[in-house]
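The structure appears right after this line, and notes come after that.
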Amino acid sequence: MDFNKIIETNKQNIKNIIRLITKEENEDIEQEVYLKIWKNSHKYEERGSVKSWVSMIAKNTSLDYIKSAYHRFICASDSDEYTLDSIKDKKISPEDKIISLERQRKIISAIESLKPKFKEVIIMTEIDGYSYEQCAQKLKCPLGTVKSRIFNAKKELSILLKDLI
């Protein structure tokens, strides 16, 4: 497994996933993803694509970051000094940040609860950035099938996320 090739071909995908989940560009998370890929490369089994494996590592690392950031805020929110520093240093308030993190958690949870064929096309088109045509080629199915799955997945997501809309 060529580590440098994996990083080069998946670098933008990793950045996109981190930005999508954390709503910020975070080089620390990116470096942590690279480290996890390197440390766990011997565990990779060629049952799926390397891109899917790397994407899952990036997603899980980003989610871990959100959980820890949320936890740090809750634990430190009792401190007036921390609260003042947070408000001074950031353009959005801590409350807005928590609301945003909770919203992201709900969206990710809703996507995770989709049927596998719906989840697959949503992740490919909305997270990985594939066009419908590219998605159809990767899945080896007709373009109409991809469009139908995306329509049904979005319909299901709109029901699951109706409180956010």
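Neighbouring Cβ atoms within 10 Å as the yardstick, rank C141, C135 fewest first.
Starting with the residue having the fewest Cβ neighbours, the order is C141, C135.
Run through every distinct alpha carbon pair of the range 114-165 and return the Kirkwood hydrodynamic radius in angstroms, one decimal place.
In the range 114-165 this quantity evaluates to 11.1 Å.
No value in this document is a laboratory result; all are computed from the given coordinates. Just so we're clear, the structure is a prediction, and the values are computed from it rather than from any experiment. Note: ideal-geometry Cβ built from the backbone for every residue, glycine included; neighbour counts use all protein chains shown.
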